[in-house]
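Read the structure below first, then the notes.
The values are calculated or read from the model by the stated rules, or taken from the named source; none is laboratory data. Every value quoted in this text rests on a predicted model; they were computed, and no experiment measured them. Ideal geometry is used to build each Cβ from the backbone, glycine not excepted, and the neighbour counts take in all protein chains shown.
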Amino acid sequence: MNVTEFEVTVSESSVDDLRTRLSLTRWPDAETVEDWSQGAPLSFVRSLAEHWEHKYDWRAVESRLNALPQYRAEIDGLGIHFLHVRSPHADATPLLLTHGWPGSVLEFLEVLEPLTNPADPADAFHVVVPSLPGYGFSDKPAETGWGVERIARAWSSLMTGLGYERYAAHGGDWGSFVTAELGHIDSERLIGIHLTMVFAGPPEAQVELTQRDYAGLAALKEFQAREAGYSAIQMTKPQTIGYGLQDSPVALLAWIAEKYYSWTDHDRAFEDVVPVDRLLDAVSIYWFTGTATSAARLYWESHNRVPMHQVSVPTGVTIFPKDARMPKAWIEGRFSDLRYWHDAPAGGHFPGIERPDVLVSELRTFFRQVR
């Protein structure tokens, strides 16, 4: 595998163009309700856009990324960007972290230092964080076929190319599906997998469900009814929505920011959970790389098409209350060696941003059991 060093470089003209576009926004009229039932409120998006135009510093996150070891490698004909942060402890466990939508490698920046350089060397990891195909600084697929299964095969090749014969893996959102598929195709090499959003169908045999299980299924049904419009569009017509997301920074901002607001656990000010600059970092990666459309195509490739293979590798699951929750008995039917299950008391869909300390603790707790 040919690996080359990589550095993020966004031209000043691109930054200026973003600010110009923001200044020329044609704003819609305000929503006719006092909540989020019609989508992201005008005042919320306008405030973010003003910060993005006048106060946000892209160079800060660019510098933060460039302070880390970044690389690109061609795998299965596609250029894949990844972080590869090795622990100072030579015998650390290799750990592959996979993000989802609308995320990027930025989701894991807060966990890199505690994972690679913990107080107890037994908890040390060599961390590999790839950008999904069509996301961030990875190449955009120019052909169909880059769904979850192909990505999992590419990740297996990546870990082989980096010299890791055995490794651990974690993922949330699409990263959860990719990581589960790795558990199926790469079971002999995986020490274990940890997931924060996990799916399985009901087993053939009748199982007893708890009140928490029923509540989780009800929440999923409510989500499909009221929150799943984005996925319906991206799984059917990603190209059509892409024109607006590619051309209008405010359209992209609203499309992504609404998800961060709706999917995070915030009983206090949203900005206390996801700081404004961190949210704009997430949106800016999509804007400057022009990957809103290519990222959305993953839904077209894989949504409702991912095979629910049986997984026999040791598996750990952490469920955050504002994330999807399926019955544990269903998950046990698919993941036959479910060694760890924890319903966290707080947190949402982006634990690496919302609760990085909790995510680190969960990874340590589970992988101590299987290493």
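Would you pick out the residues in segment 117-133 that are within 19 Å of H89 (Cβ to Cβ) and either touching an Asp or Glu at 6+ places or on another chain (Cβ under 6 Å) or surrounded by 19 or more Cβ atoms within 10 Å (Cβ to Cβ) (or both)?
Step one: of segment 117-133, the residues within 19 Å of H89 (Cβ to Cβ) are 117-129.
Within segment 117-133, D123, A124, F125, H126, V127, V128, V129 meet the criteria.
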Suppose the filter is crowded, with 21+ Cβ neighbours inside 10 Å and either within 22 Å of P351 (Cα to Cα) or modelled with pLDDT under 95 (or both); does P102 pass it? yes
Of the residues F335, F320, only one is surrounded by 21 or more Cβ atoms within 10 Å (Cβ to Cβ), in contact with a Ser or Thr (Cβ under 6 Å, 6 or more places away or on another chain) and not small (G, A, S); which? F335
Scanning segment 51-76 for residues that are surrounded by 13 or more Cβ atoms within 10 Å (Cβ to Cβ) and of a type in the set (D, E), which turns out nearest to S156 (Cα to Cα)? D76
Do any helices (runs of 4 or more DSSP H) lying entirely in segment 215-263 carry at least 2 residues that are of a type in the set (S, T, N, Q), and which ones are they? 229-236, 238-247
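Take L78 and tell me if it is within 28 Å of I191 (Cα to Cα), aliphatic (A, V, I, L, M), in contact with an Asp or Glu (Cβ under 6 Å, 6 or more places away or on another chain) and at pLDDT 95 or above. Break it down into steps so the answer makes sense when it comes.
Working: within 28 Å of I191 (Cα to Cα): yes; aliphatic (A, V, I, L, M): yes; in contact with an Asp or Glu (Cβ under 6 Å, 6 or more places away or on another chain): yes; at pLDDT 95 or above: yes.
Considered against the rule, which asks whether it is within 28 Å of I191 (Cα to Cα), aliphatic (A, V, I, L, M), in contact with an Asp or Glu (Cβ under 6 Å, 6 or more places away or on another chain) and at pLDDT 95 or above, L78 comes out as yes.
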Take segment 1-41 and flag every residue that is among the polar types (S, T, N, Q) and under 30 Å from A225 (Cα atoms). T32, S37, Q38
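Look through R334, R371 and report the one residue that is touching a strand residue (DSSP E or B) at 6+ places or on another chain (Cβ under 9 Å), over 24 Å from A205 (Cβ atoms) and basic (K, R). Full working, then the answer.
Numbers: R334 fails: over 24 Å from A205 (Cβ atoms).
Residue meeting the stated conditions: R371.
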For segment 174-196, indicate whether the set of residues that are part of a helix (DSSP H, G or I), in contact with a strand residue (DSSP E or B) (Cβ under 6 Å, 6 or more places away or on another chain), among the small types (G, A, S) and within 20 Å of A292 (Cβ to Cβ) is non-empty. yes
Flagged in segment 117-172 as closer than 24 Å to M308 by Cβ, of a type in the set (S, T, Y) and either without any contact (Cβ under 8 Å) to a residue 60 or more places away in the chain or in contact with a strand residue (DSSP E or B) (Cβ under 7 Å, 6 or more places away or on another chain) (or both), in numbering order, are S156, S157, Y167
Cβ pairs under 6 Å, 6+ apart or interchain, first in segment 265-287 and in contact (Cβ under 8 Å) with a residue 40 or more places away in the chain and of a type in the set (V, I, T), second surrounded by 22 or more Cβ atoms within 10 Å (Cβ to Cβ) and part of a loop (DSSP other than H, G, I, E, B), ordered by first then second residue, are V273/T264; V274/T264; I285/S104; I285/G136
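Which residues, counting only those in segment 287-318, are charged (D, E, K, R) and in a loop (DSSP other than H, G, I, E, B)? Outline the logic, then answer.
Going residue by residue through segment 287-318, those that are charged (D, E, K, R) are 297, 301, 305.
Within segment 287-318, just R305 meets the criteria.
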